[in-house]
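Novice: Mind looking over this structure? Questions follow.
The values are calculated or read from the model by the stated rules, or taken from the named source; none is laboratory data. Quick caveat, the model's predicted, so the values are computed rather than measured. For neighbour counting, all protein chains shown are included, and Cβ atoms are generated from backbone atoms with ideal geometry for every residue, glycine included. Please note that ligands, DNA and RNA were not included when accessible areas were found on the heavy atoms of the full protein model with its side chains. Shrake-Rupley method; radii C 1.70, N 1.55, O 1.52, S 1.80 Å.
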Amino acid sequence: MNIVGQTINGYLFEEALGSGSFGAVYKVSKGNKTYAAKVLSEVYILQEFRKEQNRITREIEVLKRVKGENLIRYQEDFWFQNEFGIMEYVIVMEYFPGRTLKDFLKEDASLEQLLYIFKGVLQGVRDLHHTTVKRQGIIHRDLKPDNIMVDDCLNVKIIDYGLSRMIDFSSITSTGAAIGSPLYMSPEQIKDSKRIDFRSDIYALGVILYEMLTKRMPYQTAKMPELMLKILYEPILPPRRFCAEISDELEEIIFKATAKEPFARFQTVDEFIDAFERKNISKELNAKGKFYAWIYREKEVTRQFEKENETDIIYPVHVQNWVKRLHLYFVGRKFKNVLLDPSTQRLSYAAFRNTKGLVDLPYAPKQGVISLEYLKDPEKRKKYIDAWYAFVSIGQKLILPYHYISNTDYSVEQVDDWIRVNMQLTKESAGAVAEGKEKYAMVSIGLGHLVFQSEKILSSFVSANVDGYVVQVSDMKQLNEQSLDCYLNFMVNLQKYTGKPVIALKVPIPLGLALLAKGICGFSLGLSGIEYFDEQYIKEERDSYQLAYSKFYVPQTLSLLMYPNQDAAVWERLGHYFGACGCQWCSGRDAGARTGSQRAKLHHWQMMKEEADALNRLKKEDRTPYLKNRIECALKTLDAIPEEVLESQKHTDAYRLLKNLNKIL
């Protein structure tokens, strides 16, 4: 049907601008103003309005809300009856007298002009992402040069963001059919187009920038299946190969935007814009490694140690009512350098009611536990967050509420729910924290789930608006070469791609030092106490920290060597075997006197500080070789200890860990 020349609802339809499966677009005028009118085809309308959430309604809702000079603006929408008595739907929008970026790129343009245009594209996508519909930002989903308009003054407008059309892969053949939008699709969009986020648009922006600067696509292929595989698994062709004008910094920006994993890309368009304007990607975090003492009841040890040293402490706040002197000590010093742990993960287990201090927390449930269903309820979640913050706001550094992701009380299928709920809890609680306070997201998960879902967890948590991360992994005694390598890579990637400090909570000393050698900002464990976190500790109906043995750190072994509390004789023998310790807490005391609980903890804290300082004094590239040499010496030392001095260490957890670290470092 030809409606050019007709006046409909006050709009004169002047000329047809284009058509597609959805209908046609016309240039129209009303009064002295020109607009673009999208007339939707009858077939498209009938198909869409059969759906509960159809694209037409969604497009109108989006168009009404978007604002930004680089986005086409909505004018109005209406129905009209055509000459055959059929109702047709019209969406009237701003008219932009330009051409598509695809057509623009057919002509020569300077690098400066192209970068100017791309900046306009970035600003338009940023405004789109910042527009919310039903509390969610808008993802374009189909960014490509065909959906970007450019005029003669290099002004930019993004179109078709309301439809967010998806490619139907059932209609794509393997016979070498022409490649359209799939060229700009992210790997995750190919895998599961329903579960994507803003970072999928960022990938498309990276491909568009590549095409603008090189006049080529990042993957050279003519067949669809081959293209899909290359997007999923192959690195893009370096853009400088095709355009020498591209700087190293600009090429790195393209590489980052088109990374296969969402967590490795810019997490927001604002990050992309910042890097693009500076023509530089922020350098990786390079901070000094620290030991964080996990303080549970050691008030006098802490007081003594802090007289002589600057400290960094993690404090589980639920002990406040049964170790009151410790809590009052921290209050008196205004929680300086103290990271408050809210102890929330234990509230998901019924046993928390039998644990001192937990039932007294104002955010602990009065009945039942903090379940997935509870956390999925926005009102209950807000009440939970408000009660948490009212209680912990006395601190300056806060771990946000968190729960153990791979809770064994739930099925494997619900682990994804725990990841999403923890991320939602992190996002909302971070927003509740007053400006000026430091906030840390906690990732608490089982080793097995970390190994198999590390990319998913990274993708979920790297975009958190926090100042740092604390990672706590259960089942660490089961570490082997594969899982150890995965754990180290996870920690390195989390810090690398966020640029935020990462702290490993409750890890054995050799692993903590390996993390510092790799640049991780900190590790923590109790003072001569439990080295490994295990889910069993938070499921038990009593605290697991009343131990029948003590531990003493021996630097030559990089390990805590254990002895029964009632048997100091073994330490007399080890003291003579290894020689006197020269730290300020041991110097001048015989071996037996050094093994008293308080003295051993002070020694441990001092040694951890000195181990971290020793690594910090080295160049980054020298840290791992230094530690590897220490590990090899420690293994030889443990092998050589006579059984009459100490029973064989060859089968201990520390020995196995040292062996595995020695293989992968």
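Novice: Kindly report the accessible area of the chain per residue (heavy atoms of protein chains, probe 1.4 Å, no ligands, DNA or RNA), in Å². Before the final figure, lay out each step's value.
Specialist: On the way: 29960 Å² over 665 residues.
With the other protein chains kept in place, the chain gives 45 Å² per residue.
Novice: Then there's this: Just checking the chain: which Cys have no other cysteine's beta-carbon under 4.7 Å?
Specialist: Cys153, Cys243, Cys486, Cys521, Cys583, Cys633 - these cysteines have no disulfide-compatible partner (Cβ-Cβ under 4.7 Å) in the chain.
Novice: Follow-up. Just want to confirm a number: the relative contact order over segment 320-373, from Cα pairs under 8 angstrom separated by 6+ residues, in percent. Provide the component values of the computation, followed by the final result.
Specialist: On the way: 29 pairs, mean separation 17.8, N = 54.
For segment 320-373, the relative contact order is 33 percent.
Novice: Also: Compute the relative contact order of the chain as a whole-number percentage, counting only Cα pairs closer than 8 Å that sit 6 or more residues apart in sequence.
Specialist: Relative contact order of the chain: 8 percent.
Novice: Quick one: ranking Tyr374, Tyr532 by accessible area, 1.4 Å probe, largest first, what do you get?
Specialist: Solvent-accessible surface, decreasing: Tyr374, Tyr532.
Novice: Just read off the accessible area of Arg141 with the full protein assembly in place, 1.4 Å probe, to the nearest 10 Å².
Specialist: 70 Å²
Novice: Let me ask you something else. May I ask you to rank Glu643, Glu435, Glu428, Glu249 by accessible area, largest first, using a 1.4 Å probe over the protein chains only?
Specialist: Numbers: Glu643 135, Glu435 190, Glu428 60, Glu249 85 Å².
Output order, biggest surface exposure first: Glu435, Glu643, Glu249, Glu428.
Novice: So, one more: With every protein chain in place, what's the accessible area of Lys620 (1.4 Å probe, Å², nearest 10)?
Specialist: In the full protein context, Lys620 sits at about 100 Å².
Novice: Give me the percent of accessible area attributable to carbon and sulfur for segment 434-513, probe 1.4 angstrom.
Specialist: Its accessible area is 41 percent carbon and sulfur atoms.
Novice: Shifting gears a bit: If you roll a 1.4 Å probe over segment 357-430 with all protein chains in place, what percent of the accessible area is carbon or sulfur? Write out the running numbers ahead of the final one.
Specialist: On the way: 1710 of 3300 Å².
Within segment 357-430, the accessible surface is 52 percent carbon and sulfur.
Novice: What number, rounded to the nearest 500 deg cm²/dmol, is the helix-based mean residue ellipticity at 222 nm of the chain, given -39500 (n - 2.57) per DSSP H run of at least four residues and division by all its residues?
Specialist: -12500 deg cm²/dmol
Novice: Still on this structure, please answer the following. Within the chain, what percent of beta bridges assigned by DSSP are antiparallel, to the nearest 5?
Specialist: Percentage antiparallel, nearest 5: 60.
Novice: Between (1) 1.17; (2) 1.32; (3) 0.95, which matches Cα Rg over 2.2 N^0.38 Å calculated for the structure shown?
Specialist: Structure-derived value, by its label: (1).
Novice: Set the bar at 26 Å for Cα to Cα. Now go through Lys119/Lys283; Lys439/Lys506; Lys336/Lys383 and name every pair that lies beyond it.
Specialist: From Lys119/Lys283; Lys439/Lys506; Lys336/Lys383, over 26 Å: Lys336/Lys383.
Novice: Then there is this: What order do Ser247, Ser348 take when sorted by accessible area (1.4 Å probe), most exposed first?
Specialist: Heavy-atom accessible area, descending, gives Ser247, Ser348.
Novice: So, one more: How large is the accessible surface of Glu94 in square angstrom, using a 1.4 angstrom probe and rounding to the nearest 10?
Specialist: Answer for Glu94: close to 30 Å² accessible.
Novice: Give me the distance between the Cα centres of segment 282-347 and segment 99-129, rounded to whole Å.
Specialist: One Cα centre to the other: 51 Å.
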